[in-house]
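**Q** Right, I'll just put the structure down here and ask away after.
The values are calculated or read from the model by the stated rules, or taken from the named source; none is laboratory data. These numbers come from a predicted model, not from an experiment. Cβ placement follows ideal geometry from the backbone for every residue including glycine, while neighbour counts extend to all protein chains displayed.
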Amino acid sequence: MAERTKSRDVAIRSYEKIESRDLARLGRLAGEDRARFFSRNPELARLYRDRVLCMALCQGAALHFVDGQNEIKDFDVWTFFVDRPSRRFPPRRPVMNADFGPSKFGRHPDHGGFAGRVVDLLMRGIDCRPAAVPVEALRLYLTERRTKSAQCLSEMAAVMIEPKRLRGLVVWPIES
């Protein structure tokens, strides 16, 4: 179900259910973006390629995953790295965009260059130890709210995409 505008595939918002295969597709898009980023930044690749903590769907689409009520305008996928104290992950890496492609979610009418919903791809380093448990480290990052990104992300929701064994686990908000 979507709020329709001009045609069947164009919708301002989508209320379609996000399933595991959709999370997997988002993970592939983020993985491709990460590979391009590292190919352009070999020094960061050397330092961070093996320090991926987790990948999560965040903000409005993640809240929709949790409550089924919030609408999906786009998808925000964050890749979190275990930061290195000696060389922090760049805090200002620009947001990259990918095309989810044709799907049940339709396409936002303002995103004419895309066949499907826009996927915003973001990366951040977070302060945790290399052996950290991804769920615990991400929850601590969101609870402490030390950065503007963490403050913003903590206002909605986060759903795990990777590691694959945790795909679909609601990380935030913490259910009591």
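**Q** If a residue has to be of a type in the set (D, E, K, R), surrounded by 14 or more Cβ atoms within 10 Å (Cβ to Cβ) and without any contact (Cβ under 8 Å) to a residue 60 or more places away in the chain to count, how many in region 50-66 make the cut? Don't jump to the end; show me each part of the working.
**A** So in region 50-66, the residues of a type in the set (D, E, K, R) come out as 50-51.
Cutting the leftovers down to surrounded by 14 or more Cβ atoms within 10 Å (Cβ to Cβ) gives us 51.
Next, only the ones that are without any contact (Cβ under 8 Å) to a residue 60 or more places away in the chain stay: none.
Adding up the residues that qualify gives 0.
**Q** Next question. Scan region 5-14 and give yes if some residue there is under 19 Å from LEU138 (Cα atoms), surrounded by fewer than 15 Cβ atoms within 10 Å (Cβ to Cβ) and of a type outside the set (Lys, Arg), otherwise no.
**A** no
**Q** One residue is enough: does region 115-122 have a residue meeting the conditions more than 16 Å from the chain's Cα centre (by Cα), crowded, with 19+ Cβ neighbours inside 10 Å and either over 19 Å from ALA56 (Cα atoms) or of a type in the set (Lys, Arg) (or both)?
**A** Looking for residues that are more than 16 Å from the chain's Cα centre (by Cα), crowded, with 19+ Cβ neighbours inside 10 Å and either over 19 Å from ALA56 (Cα atoms) or of a type in the set (Lys, Arg) (or both), one finds at least one in region 115-122, hence yes.
**Q** Would you be able to say whether some residue in region 77-90 is closer than 17 Å to LEU26 by Cα, in contact (Cβ under 8 Å) with a residue 60 or more places away in the chain and assigned to a loop (DSSP other than H, G, I, E, B)?
**A** No; the residues of region 77-90 include none that is closer than 17 Å to LEU26 by Cα, in contact (Cβ under 8 Å) with a residue 60 or more places away in the chain and assigned to a loop (DSSP other than H, G, I, E, B).
**Q** Which of the residues belonging to region 63-85 are under 30 Å from PRO130 (Cβ atoms), in contact with a helix residue (DSSP H, G or I) (Cβ under 9 Å, 6 or more places away or on another chain) and of a type in the set (A, V, I, L, M, F, W, C)?
**A** Result: PHE65, PHE75, VAL77, TRP78, PHE80, PHE81, VAL82.
**Q** Continuing with this model, one more query. If the requirement is being within 30 Å of ILE12 (Cβ to Cβ), of a type in the set (Gly, Ala, Ser) and in contact with a Lys or Arg (Cβ under 6 Å, 6 or more places away or on another chain), which of these qualifies: GLY112, GLY116, GLY168? Please lay out each step first, then the result.
**A** Details: GLY112 fails: in contact with a Lys or Arg (Cβ under 6 Å, 6 or more places away or on another chain); GLY168 fails: in contact with a Lys or Arg (Cβ under 6 Å, 6 or more places away or on another chain).
Criteria check complete, one pass: GLY116.
Results for (1) assigned to a loop (DSSP other than H, G, I, E, B); (2) surrounded by 15 or more Cβ atoms within 10 Å (Cβ to Cβ); (3) in contact with an Asp or Glu (Cβ under 6 Å, 6 or more places away or on another chain); (4) modelled with pLDDT of 95 or more, shown as yes or no for each residue.
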residue: VAL135; (1), (2), (3), (4): no, yes, no, yes
residue: ARG146; (1), (2), (3), (4): yes, no, no, no
residue: ILE161; (1), (2), (3), (4): no, yes, no, yes
residue: ARG165; (1), (2), (3), (4): no, no, no, yes
residue: SER176; (1), (2), (3), (4): yes, no, no, no
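**Q** Of the numbered conditions (1) out of contact with any Leu (no Cβ under 8 Å at 6 or more places or on another chain); (2) assigned to a helix (DSSP H, G or I), GLY101 fails exactly one; give the number of that condition.
**A** The one condition GLY101 does not meet is (2).
**Q** Could you grab the pairs with beta carbons closer than 9 Å, sequence gap of 6+ or different chains, first residue in region 23-44 and in contact (Cβ under 8 Å) with a residue 12 or more places away in the chain and within 13 Å of MET160 (Cα to Cα), second one surrounded by 15 or more Cβ atoms within 10 Å (Cβ to Cβ) and among the basic types (Lys, Arg)?
**A** Once the first residue is in contact (Cβ under 8 Å) with a residue 12 or more places away in the chain and within 13 Å of MET160 (Cα to Cα) and sits in region 23-44, its partners that are surrounded by 15 or more Cβ atoms within 10 Å (Cβ to Cβ) and among the basic types (Lys, Arg) give LEU23/ARG167; ALA24/ARG167; GLY27/ARG167.
**Q** Same structure, new question: Starting from residues that are surrounded by fewer than 17 Cβ atoms within 10 Å (Cβ to Cβ) and of a type outside the set (A, V, I, L, M, F, W, C), keep the ones in region 148-159 and report whichever is nearest to GLN59 (Cα to Cα). Before the answer, list the steps.
**A** Taking region 148-159 and keeping what is surrounded by fewer than 17 Cβ atoms within 10 Å (Cβ to Cβ), we get 148, 151-152, 155.
Next, only the ones that are of a type outside the set (A, V, I, L, M, F, W, C) stay: 148, 151, 155.
On the way: LYS148: 14, GLN151: 11, GLU155: 8 Å.
Top of the filtered list is GLU155.
**Q** Moving on to the next point. Report the residue count in region 67-83 for those that are within 22 Å of ARG34 (Cα to Cα) and either loosely packed, with under 14 Cβ neighbours inside 10 Å or among the acidic types (Asp, Glu) (or both).
**A** Keep residues of region 67-83 that are within 22 Å of ARG34 (Cα to Cα), which gives 74-83.
Still in the list and also either loosely packed, with under 14 Cβ neighbours inside 10 Å or among the acidic types (Asp, Glu) (or both): 74, 76, 83.
Going through region 67-83 one residue at a time, the tally reaches 3.
**Q** I've got another one for you. If PHE105 meets every condition in (1) surrounded by fewer than 19 Cβ atoms within 10 Å (Cβ to Cβ); (2) more than 29 Å from LEU44 (Cα to Cα) apart from one, which number is that one?
**A** PHE105 satisfies every listed condition except (1).
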